[in-house]
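Please treat every number below as a calculation from the coordinates, not as lab data. Only a predicted model underlies this, so the values are computations on that prediction, with no experimental measurement involved. Don't worry about glycine lacking a Cβ; one is built from the backbone with ideal geometry, like all the others, and counts go over all protein chains shown.
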Amino acid sequence: MRDTKERLSLFWMIALLNYLYADVLALFAFLGSPNSAPHLPQWALLGSAVLMEIPIAMIVASRLLPFRANRLANIIAGSIMTLVNGFLTFVLPLTDGDFRDPIYPAYVFFAMIETVCTTVIIWRAWNWSGVEAAVSPERIVGQPEAEITSS
């Protein structure tokens, strides 16, 4: 797998699966807690839906967008997800004076993996050259690469 588009798409898949599993663990923690589950306002639910749609869309966009748009989209989306992830994981808990969430160590673990993935995405997109994009083979289904002819 030498194609940068495929690698970017793969890192978006890894990041997305980590985002989703961290959310599943949070859901289990809410359901298992003696307190009632928090009722999130509609804007918070919409915000989380938009944040999850970014990596979902980038899996496809990384494979389909042309070079310049692809490079820019990966740098912007990777930066947004890295900043939001860092804020939610490391800054927001500091604002709460009594933060003893039992799931927090798992969040930090997932956050490190997510941050590594999005940082690699930013780095790969930043260093992606137009020359590599120009010579990258396009795979066309149903067309043989070369016919064998006998002399």
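Numerical summary
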quantity	calculated
Rounded, prolate or oblate (a/c below 1.5 giving rounded, otherwise prolate when a/b exceeds b/c) for the stretch 1-91 by Cα gyration tensor	prolate
Two-site label geometry, Val91 and Thr119: point separation in nm, points 7 Å out along Cα→Cβ	1.7
3J(HN,Hα) from dihedral phi, the stretch 11-21, Karplus parametrisation 6.51/-1.76/1.60, rounded to Hz, x for glycine, proline	5, 5, 5, 4, 4, 4, 4, 5, 4, 5, 5
